[in-house]
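Have a look at the structure below, then the notes.
The values are calculated or read from the model by the stated rules, or taken from the named source; none is laboratory data. Please read these numbers as outputs of a predicted model, since none were measured by experiment. All Cβ positions, even for glycine, are placed from backbone atoms using ideal geometry, and neighbour counts span all protein chains on display. What goes into the accessible areas is simple: the full protein's heavy atoms, side chains included, and nothing from ligands, DNA or RNA. Shrake-Rupley method; radii C 1.70, N 1.55, O 1.52, S 1.80 Å.
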Amino acid sequence: MSAPDSPVALIGHSGVAARALRDLGLVGVAVPHDDLPATLAACRTLRFSGALVHPYQEAALLAVTQADPVAQRVGRVDAVAFAGGVHGTFALADALIDAVEASGYATRGASALLLGHSARDLALALPLTRLGFTDIGVVADTTPEAEAAARNLPAGVRTYPVSRADSSVATLAERADLVVVTGGALPPGLLQPYHTLVDLTGRARPEAAATVMDLSRLPTLRLARQLAHATGQRFHTDELTPLLTALA
């Protein structure tokens, strides 16, 4: 765990976020982002504990940090830790696990269908595949992209990578319990009343009275994981709403 007074770098965020961090007992410092390698080196020298990254800077941080496997697959870094290096992560992916578990949804033994554009956006949903699903359909714009995403699924899980144009998508949907949309449109007529929908795009239009999982807590769950990575400290999500607003 970092020392209580170890600063947290704010990459791309304003001084408003620094004031909100102060209310959590943290010192936040907005740092330049025009020369990221120099900024990160300075943060290590000055013993910053870590950094929170604005969405506009997430892709740029990938190349200048030791990104973990999730961040590498997604192609973005949203939090950095400076202990022993410059370690980047993408906290949203694991926060999705927190949100699904908090919903009480029974994943063990269920089937899932992941719908996206490419292996990169499908990577957002890959951590969910550790929750005990037995069958997972992976659908991308092309079969090679679906296959690339499917290679990262846990051993022992039956996987079915196909393109959106494949006629078997409808069959995979019929067998699925959970449908996760990470990118692109939800094909019309795909959802049935027995489905539960996890929509990471915010644009899906559910049909057939399917259940839509409540993801309203996902942003604060993500922020809690970002702070844990950047500071080594854990915070209750209820106390993070002011900071979440300041980071927007």
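For a quick check of understanding: with a 1.4 angstrom probe and all protein chains in place, what accessible area in square angstrom does Arg120 have, to the nearest ten?
For Arg120, solvent-accessible area is about 130 Å².
Run lengths n ≥ 4 of DSSP H only: what is the helix-derived mean residue ellipticity at 222 nm for the chain, with -39500 (n - 2.57) per run over all residues, to the nearest 500?
-9000 deg cm²/dmol
Residue by residue through segment 174-185, what is 3J(HN,Hα) from phi via Karplus (6.51 cos²θ - 1.76 cosθ + 1.60, θ = phi - 60°)? Round to whole Hz and write x for glycine and proline.
4, 7, 7, 9, 10, 10, 10, 9, 9, x, x, 7
Can you give the accessible area of Arg203 in Å² (nearest 10), computed on protein heavy atoms with a 1.4 Å probe?
For Arg203, solvent-accessible area is about 150 Å².
How high is the relative contact order of the chain? Use alpha-carbon pairs under 8 Å, at least six apart in sequence, and give a whole percent.
Normalised by residue count, the contact order of the chain is 18 percent.
With both bridge residues required to lie in segment 74-177, what share of the DSSP beta bridges run antiparallel, to the nearest 5%?
In segment 74-177, approximately 20 percent of DSSP beta bridges are antiparallel ones.
Rounded to the nearest percent, how much of the accessible area of the chain (1.4 Å probe, protein heavy atoms only) is carbon and sulfur?
53
So, for segment 97-248, what is the accessible surface per residue at a probe of 1.4 Å, expressed in square angstrom?
46
Scan around Gln66 for amide H atoms under 5 Å from its own, H built in the peptide plane at 1.01 Å from N, and keep only partners 5 or more places away or cross-chain.
Val86, His87, Gly88
For segment 26-71 and segment 195-226, compute the distance between their C-alpha centroids and round to whole Å.
28
Among residues other than Gly28 whose Cβ falls under 11 Å from its Cβ, what is the net charge (Lys/Arg +1, Asp/Glu -1)?
Its environment carries a net charge of +1.
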